[in-house]
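Asks: So that we are looking at the same thing, I have put the structure below in structure tokens.
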Amino acid sequence: MDLMKYEVPLESLRWRCDQKSFCFQTTDEVEPLQEFIGQDRAIKAIEFGLSLNRPGYNIFVTGLTGTGKMSVIKAYLEKVVAEKTGVDMPERLHDWCYVYNFPAPDRPRVVRLPKGQGKVFRGEVEQLLTSLRREVNKVFSGEEYENQRKEVVEKGQALREKLFREVDREAKARGFDIRPSPLGIAAIPLDREGKPLTREDYNALSEADRQALDERQGEVMRRVQEAVEQAKAIEKEALEQVASLDQKVAEFTIKPLFANLLEKYASVDDVGLYLEGAESFVMEHIDVLRGTETEKAAVPPGAEALVSRDRNLGLAFQVNVFVDNSETKGLPIVVETNPTFGNMFGKLERRAFMGAYFSDHTMLKPGALSLANGGYLIVSVRDVLLSPGVWEGLKRAIKTKESRLEDPWEFYGFVVPVGLRPEPVPIDVKVIIVGDDLLYHLLSISDEDFWEMFKVKADFDYEIDRTQDNMNAYASLVSDICKKEGMCHFDASGVSKVIEYGARLVADQNKLSSRFGLVRDILIEADQWSRGRGKTLVDEEDVRQALEAKVYRSDLLAQRLREHMRDGTIMVDTEGAVVGQVNGLSVYDLGDISFGRPSRITARTFVGRRGVINVERESQLSGRIHDKGVLILAGYLGWKYAQDRPLSLSASLCFEQSYEGVEGDSASSAELYAILSSLSDVPLKQGMAVTGSVNQKGELQPIGGVNQKIEGFFDLCRAKGLTGDQGVVIPRQNVRNLMLREDVVEAVGQGKFHIWAIGTIEEGMEMLTGTSMGERAEDGRYPEGSINARVEGRLRQFVERLKEHPPEPAA
């Protein structure tokens, strides 16, 4: 049989980037990358999401890791913000402050101020307290105030003295002297000479005289008591006059100081409420400002049972500039790489006080949502989902348009220590979360709120078209990375090899990879190899060395498997021909590297009614896709050979020396070859390995990992010795996916190895056996000696033998 007609041309085994297609010698001549490579669909989706300022139109960005989603989004947002600077900044960007809430100190009040005014307002309030202390002390220690106060006090004292002089005169007129005693004021009776009456003289009086004296003494004491009450009233009136004087002086001094700020912030309602509360607070506690009563130390709200807060002026006049946008250029763009509950929604810090922890409004710290207020927040959905409570909190914030500061434990309903309940900060944030397709679909299925909050999907493709513009963009990317990382620049040959590596990453001669993280790694490693050789430019040899070294570091398992196959521990033949035995190809993916592994697949056919028996499935080592592939084989055999008689056979399929799971249908063609070989008793060439899935009509279908599969069998044949007859049979549709290693291409060019591409099972059987499949003639028979005739004859024998052994009736 002529195999040449199926052989893949040498130039189709690997696409080569022609360095002459570039108009530069080194990337130092190339402008660094300014735009995004081949992500038009994703960029348009992001543009749409950013332009639509409606509820729920947040953006979910999907795509494989390494496609530069996060950096692309951030760079694009910076470009958008730069274009919008000065257009709608005043309306969207503000400073946010927390201030003391005088009616409810445990509920700090949030204040919104124009951009850059937060720190100014804080300084003005601090200066206000300083001015209050200075002016109040100045006024209350002034001569005018002292004279007025002294006049009021002296007037009250004069009235009291006059009152008591009258009482004393009246008492003396009645024969008594008013004197203070340890028990209060006492009325002492006097003798005729005006001296205090002694106890002996009092006892010497007659009973009637003593009784009369006692009655007069009672009347005097009642008059004294009346005088004392009048004195208290005079004193109270004097104190009230002093308090009224203090109030008038305080109002005269304090109101002008507050009036300036109230006038300046008249348009800001929240500031006005705060300043009015502060003014009333100061008027109630003017004695603290005067220094006549000691001010309490700063006590955290919640510690009322320990120390009163009523006179804590220092705390009441502290402004916490919660979000300061004074230095923000344009709209804020916040990338939160560690979205814990506190980092996302803010923290209520606490201080230790008398064995407990308390907080106040000055210890409230903002989270990413508050910092991004008016702008954009970028987070990874995986990190958000892994942080307890953050996903639900983020949805709640988006839904309510509020960022609420609360204890994470309180969020879950646990009892927490007494603390603050700050007012929530109103937010206007465009949330952009980055993830992969799997998480997107899981959330869309399991979370009923997801669709309402993330209505825009921006899908980053992991591959882009291989056009000259995109190849030039690759060169700009290399230039950009070299300049940012301080690396040696690449010459045109080095760039060509990097672009070829981009095509191999996606296994497509017409595409390039957009997983620029992987490309960047190769650039860095190639630069290291170049520097190690003392060179100032990176060329194709450095890139090739970097790629080979990257594989070498990770292919220990592949090397061990090849050694076991070479020494016969794992039995895989690369020469001769065997009935019912074929070399299949699979791919091992270890994350950082994937490689092909040849496997011996055997089939044994015999009389029976069980059909195709999958040993892997019976031993629970087969995946669902592989099971489907095996079932398709039965459909092909029935369609091909059982149109006028039942398909009476049992066929056992097995991956020899396979002790782990088998998945995928890329070996279904190899399994069918083995079954047909067993039925026809025609041996299959062991120097050929095959891959490809098959449908029920016998047509081959493309598979993945074709490069690794070919290279895996090539490495085995090279280890055992290349004969020139060995090669791999692939589906014709996979030719465009070929980006083989250069040593494989070189061996094919020298005729030591071959790559064949076919479209049907019939073509594959003829290649593997060297025998014609045969076409059915008009009489319904196949040509004598053809594979189809042999298979049909064997199946007819199975039917006849089964008639001799009918199944036993069921009990």
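The values are calculated or read from the model by the stated rules, or taken from the named source; none is laboratory data. Here the structure is a predicted model, which is why all the values come from computation and not from measurement. Here Cβ is always computed from backbone atoms with ideal geometry, including for glycine, and neighbour counts include all displayed protein chains. Calculation scope for accessible area: heavy atoms of the full protein, side chains included, ligands and nucleic acids excluded. Shrake-Rupley method; radii C 1.70, N 1.55, O 1.52, S 1.80 Å.
Asks: Using the Cα centre of segment 719-792 as the reference point, and only Cβ charges (+1 on K/R, -1 on D/E), how large is the resulting charge dipole? Debye, rounded to the nearest 20.
Replies: 340 debye
Asks: Go through [x] 1.09; [y] 1.71; [z] 1.21 and flag the label whose value is the computed Cα Rg over 2.2 N^0.38 Å for this structure.
Replies: [y]
Asks: Here is a follow-up. Tabulate in residue order the Karplus-calculated ³J(HN,Hα) for segment 159-171, using 6.51 cos²θ - 1.76 cosθ + 1.60 with θ = phi - 60°, rounded to whole Hz; enter x for Gly and Pro.
Replies: Working through the residues one at a time gives 5, 5, 5, 4, 4, 6, 5, 5, 5, 5, 5, 5, 5 Hz.
Asks: Check which residues have an amide H placed less than 5 Å from Ser666's amide H, if you skip close sequence neighbours.
Replies: Close amide H contacts, sequence-distant or interchain: none at all.
Asks: Contact order normalised by length for segment 646-772, with contacts defined as Cα pairs under 8 Å and 6 or more residues apart; what percent is it?
Replies: 26 percent
Asks: With every protein chain left in place, what is the accessible area per residue of the chain in square angstrom, probe 1.4 Å?
Replies: Using a 1.4 Å probe on heavy atoms only, each residue of the chain averages 50 Å².
Asks: Taking H placed 1.01 Å from N in the peptide plane, check which residues at least 5 places from Ile758 or on another chain put their amide H under 5 Å from its amide H.
Replies: Under 5 Å from the amide H of Ile758: Ile730, Arg732.
Asks: Antiparallel versus total DSSP beta bridges in the chain: what percent is that, nearest 5?
Replies: DSSP beta bridges in the chain are roughly 60 percent antiparallel.
Asks: How far is helix 437-446 tilted off the main Cα axis of the chain, in degrees rounded to 10, range 0 to 90?
Replies: For 437-446 against the chain, the angle is about 60 degrees.
Asks: Bins of 10 Å, beginning at zero and ending with the bin holding the largest distance: percent of Cα pairs per bin for segment 153-233, please.
Replies: 17, 46, 25, 9, 2
Asks: Right, here's the next one. Using the Karplus curve 6.51 cos²θ - 1.76 cosθ + 1.60 with θ = phi - 60°, what ³J(HN,Hα) values do you get for each residue of segment 540-552, in whole Hz, with x for Gly and Pro?
Replies: Once θ is set to phi - 60°, the couplings for segment 540-552 become 4, 5, 5, 5, 4, 5, 5, 5, 5, 5, 4, 5, 4 Hz.
Asks: List the GluC sites (Glu not before Pro) in segment 130-239 that DSSP assigns to loop (not H, G, I, E or B) and whose Cβ has at most 15 other Cβ atoms within 10 Å. Which are they?
Replies: Glu193
Asks: Strictly over 31 Å apart at the Cα level, which of Lys44/Lys709; Lys550/Lys720; Lys236/Lys264; Lys138/Lys365; Lys44/Lys365 would you flag in this model?
Replies: Result: Lys44/Lys709; Lys236/Lys264; Lys138/Lys365; Lys44/Lys365 exceed 31 Å.
Asks: Please give every one of the aspartates and glutamates within straight-line cross-link reach of Lys511, meaning a C-alpha to C-alpha distance under 13 Å, and leave out same-chain neighbours fewer than 8 residues apart.
Replies: Asp461, Glu463, Asp465, Asp469, Glu500
Asks: Also, I was wondering about something else. Measure nothing but the geometry: give the 0 to 90° angle between the long axis through the Cα atoms of 69-84 and the longest principal axis through the Cα atoms of the chain, rounded to 10°.
Replies: Relative to the chain, helix 69-84 is tipped by roughly 50 degrees.
Asks: While we're looking at this one, here's another question. What part of the accessible area of segment 578-722, given as a whole %, is carbon or sulfur when the probe is 1.4 angstrom?
Replies: It is 48 percent, rounded to a whole number.
Asks: Ok, one more. What number comes out for the charge environment of Asn788, summing +1 per Lys or Arg and -1 per Asp or Glu over other residues with Cβ under 9 Å away?
Replies: Overall, the nearby charge balance is 0.
Asks: Here's a follow-up. Check cross-link reach from Lys5 to the lysines: straight Cα distance under 19 Å, and skip same-chain residues fewer than eight apart.
Replies: Hits, sequence-local ones excluded: Lys685, Lys752.
Asks: Heavy atoms only, probe 1.4 Å: what % of the accessible area of segment 98-203 goes to carbon and sulfur, would you let me know?
Replies: With neighbouring chains kept in place, the figure for segment 98-203 is 48 percent.
Asks: Among 95-103, 124-132, what's the highest-first ranking by average C-beta atoms within 10 angstrom per residue?
Replies: Output ranking for 95-103, 124-132: 95-103, 124-132.
Asks: A follow-up question, please. Near the amide H of Glu463, under 5 Å away, which other amide H atoms are found, from residues 5 or more places off or on another chain, if H is placed in the peptide plane?
Replies: Ser514
Asks: In deg cm²/dmol and to the nearest 500, what is the mean residue ellipticity at 222 nm of the chain if only DSSP H runs of at least 4 residues count, each as -39500 (n - 2.57), divided by the residue total?
Replies: -15000 deg cm²/dmol
Asks: Provide the per-residue ³J(HN,Hα) series for segment 251-263, in order, calculated from phi with Karplus coefficients 6.51, -1.76, 1.60 and θ = phi - 60°, each as a whole number of Hz, with x at glycine and proline positions.
Replies: Going residue by residue, I get 4, 4, 8, 7, 4, x, 5, 6, 4, 4, 5, 4, 5 Hz, with x marking Gly and Pro.
Asks: Ranked highest first by average number of other Cβ atoms within 10 Å, how do 5-16, 329-340 line up?
Replies: 329-340, 5-16
Asks: Measuring from centroid to centroid over Cα atoms, what is the spacing of segment 427-473 and segment 683-751 in Å?
Replies: About 36 Å separates the Cα centre of segment 427-473 from the one of segment 683-751.
Asks: Restricting to Cα pairs below 8 Å that are 6+ residues apart, what does the relative contact order work out to for the chain? Please round to a whole percent.
Replies: It rounds to 16 percent for the chain.
Asks: Rounded to the nearest Å, what's the spacing between the alpha carbon centres of segment 146-208 and segment 609-663? Just the number, please.
Replies: Segment 146-208 and segment 609-663 have Cα centres separated by 128 Å.
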